[in-house]
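For reference, the structure discussed in these notes is given below.
The values are calculated or read from the model by the stated rules, or taken from the named source; none is laboratory data. Remember, it's a predicted structure, so these values are computed and weren't measured experimentally. All Cβ positions, glycine included, derive from the backbone under ideal geometry; neighbour counts span all protein chains shown. All accessible areas refer to the heavy atoms of the entire protein, side chains included, with ligands and DNA or RNA removed. Shrake-Rupley method; radii C 1.70, N 1.55, O 1.52, S 1.80 Å.
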Amino acid sequence: MSTPSFSLVNNANGEKIDLPAVGGTLGPVGLDVGKVYDKAGVFTYDPGFSSTCSTKSAITYIDGDAGVLLYRGYPVAQLAEHCSFIEVAYLILNGELPNAAELEAFDQSIRKHTMINESLKGFFSGFRYDAHPMAMLTGVVGSLSAFYHDTTNNKDPRHREIFAHRMIAKIPTIAAAAYKRHVGQPFMYPQNHLDYCSNLLHMMFAVPAEPYHVNPVAAKALDILFILHADHEQNASTSTVRMAGSTGTNPYAAIAAGIAALWGPSHGGANEAVLNMLDEIGDVKHVQGFMDKVKDKQSGVRLMGFGHRVYKNFDPRATIIREQCHKVLKALNVNDPQLELAMKLEEIALNDDYFKARKLYPNVDFYSGIIYKALGIPVNMFTPMFAIARTVGWVAHWAEMISDPAMRIARPRQVYTGAPERSVSPLAQR
Ligand SMILES: CC(C)(COP(=O)(O)OP(=O)(O)OC[C@H]1O[C@@H](n2cnc3c(N)ncnc32)[C@H](O)[C@@H]1OP(=O)(O)O)[C@@H](O)C(=O)NCCC(=O)NCCS
């Protein structure tokens, strides 16, 4: 197929401006509009970036219409079936699945870096007892930049690698410490003989006073959820990490910026919002009334866990999570009326013209909260769970960007709508 060609015509003078097509391996081409301002004196305008590529990337591919999600070319469903989260983390970071020796070395390196500096633990006691764990996560991850001065040369691949391993290894320790601070229990040190998710569950739920055995069903369920959340190309938090990182800032500070962006209910905060919404609805008999409110634009109420900027057919992660949800609840012998409520909401929404016309389908967060709840994870820890998994994607995107010789600081422009230039009158004359 020949490469499509595009141009703009400046109607004022008839000048044609070529927009070179930037092709990738899959998906639509991008139009290079970088010279439009120089040549025509106009900006392109796309708030929310619905049609704008901010970068080229070789990490993750999404086809929103077909419901396709690939990490480094592999369908996410196959990865969830055959691989562990740590294997997938290696893939996302390095571009290829590891062989047994590579996986062993990577796994050992992550296990080696799980502890946090003892003085970092002191940061947690500075937070009020009722601080949201995401507030603690944002602050403490940013504070990592005050500790690791041995790997601050972003241009050195080994420094970048050590940063990546430290960040992936320490984020569960920090999230678990935030939880312990929240519930007023002593922090638990990581146990490096445990796998990634078992270690996290141990740090969250064990107490020093007695032994705690991690349920392997819970660890496996978490591992699958983490694979599904590991990356999602240029979403709001990943774009934030890239934007902050493009200034050359300390990478831990860039990850903290991503965590802040993830917190919002339109992004990672949606899993928490889904459970709060199910709580508010309370009973299947209130579902129809709630749906009427959702469809009434004046109410400002949205069906949380539904809709996605990119997926306009189905979210492939939601299909896997829905199935997992049923499996996990059965294996753990949990009978959760909220699952019944969620299924009823889903059924009504999928058959409703409002949702059909707008191509709104359940997203990854619709069922993930119900699984987290079955694992005993409290609602305000749902978004930190997402942050742990997404750290892999953030770190990989940061490293991809920093190692690109063509990287420039991200600096969008604007259409100015304020007052035209005017003169200042001295205070006495105003
Ligand atoms: C994810 C989300 C932010 C995507 O937003 P977006 O791509 O900007 O889509 P828009 O907000 O422009 O929505 C398009 C239309 O669908 C409606 N819509 C979108 N999501 C909706 C939802 N969850 N409930 C009800 N209506 C919704 C909008 O009101 C709008 O209707 P209109 O065309 O009549 O004005 C949005 O779907 C949402 O808020 N979902 C709930 C939060 C959530 O689950 N987020 C997690 C994402 S993984």
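Here are the numbers for this structure:
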read-out	value
Some residue of region 208-216 being assigned by TED's automatic domain parsing to the domain that holds Cys325 and either at positive phi or open to solvent by less than 30 Å² (accessible area, probe 1.4 Å) (or both)	no
Pairs where the first residue, in region 404-419, is within 23 Å of Ile59 (Cβ to Cβ) and the second is in a loop (DSSP other than H, G, I, E, B), C-beta under 6 Å, 6+ apart	Ile409/Ser246; Ile409/Thr247; Ala410/Ser246
Residues located in region 178-203, provided they are open to solvent by 10 Å² or more (accessible area, probe 1.4 Å), part of a helix (DSSP H, G or I) and hydrophobic (A, V, I, L, M, F, W, C)	Val183
Unmet criterion (only one of (1) surrounded by 14 or more Cβ atoms within 10 Å (Cβ to Cβ); (2) within 27 Å of Met167 (Cβ to Cβ); (3) of a type in the set (Gly, Ala, Ser)) for Ala58	(1)
Residue count for region 291-307, restricted to those that are within 9 Å of the ligand (Cβ to nearest atom) and more than 30 Å from Tyr61 (Cα to Cα)	4
Residue tally, condition touching a residue at least 12 places away in the same chain (Cβ under 8 Å) and closer than 20 Å to Phe290 by Cβ, over region 302-317	5
Selected residue (criterion: most open to solvent (accessible area, probe 1.4 Å)) from residues of region 10-50 that are among the polar types (S, T, N, Q) and at pLDDT below 95	Asn11
Checking Val310 against (1) within 13 Å of the ligand (Cβ to nearest atom); (2) in a helix (DSSP H, G or I); (3) among the hydrophobic types (A, V, I, L, M, F, W, C), the condition it does not meet	(2)
Test: residue in region 232-252 that is touching a strand residue (DSSP E or B) at 6+ places or on another chain (Cβ under 8 Å) and open to solvent by 40 Å² or more (accessible area, probe 1.4 Å)	yes
Residue tally, condition open to solvent by 30 Å² or more (accessible area, probe 1.4 Å) and assigned to a helix (DSSP H, G or I), over region 140-158	6
Unmet criterion (only one of (1) within 15 Å of Pro362 (Cα to Cα); (2) buried (at least 21 other Cβ atoms within 10 Å of the Cβ)) for Leu262	(1)
Residue check, His286 open to solvent by 10 Å² or more (accessible area, probe 1.4 Å), modelled with pLDDT under 90 and more than 14 Å from Val395 (Cα to Cα)	no
Failed condition for Asp32, given (1) closer than 23 Å to Asn235 by Cα; (2) touching a residue at least 24 places away in the same chain (Cβ under 8 Å); (3) among the charged types (D, E, K, R)	(2)
Failed criterion for Gln288 (all others in (1) assigned to a helix (DSSP H, G or I); (2) under 25 Å from the mean Cα position of the chain (by Cα); (3) not aliphatic (A, V, I, L, M) hold)	(2)
Segments classed as helices (runs of 4 or more DSSP H), wholly inside region 322-430, with at least 1 members that are of a type in the set (S, T, N, Q)	337-350, 365-374, 382-402
Helices (runs of 4 or more DSSP H) enclosed by region 204-277 - at least 3 residues per element that are away from the ligand (no atom under 14 Å from the Cβ), more than 21 Å from Ser143 (Cα to Cα) and not polar (S, T, N, Q)	216-229
Boolean, Thr391 is within 25 Å of the chain's Cα centre (by Cα), within 16 Å of the ligand (Cβ to nearest atom), β-branched (Val, Ile, Thr) and under 21 Å from Ala236 (Cβ atoms)	no
Whichever residue in region 361-412 is of a type in the set (Asp, Glu) and surrounded by fewer than 22 Cβ atoms within 10 Å (Cβ to Cβ) and, among such residues, is farthest from Ser198 (Cα to Cα)	Asp404
Residue that is nearest to the chain's Cα centre (by Cα) [pool: residues in region 319-360 that are within 14 Å of the ligand (Cβ to nearest atom) and buried (at least 22 other Cβ atoms within 10 Å of the Cβ)]	Ile321
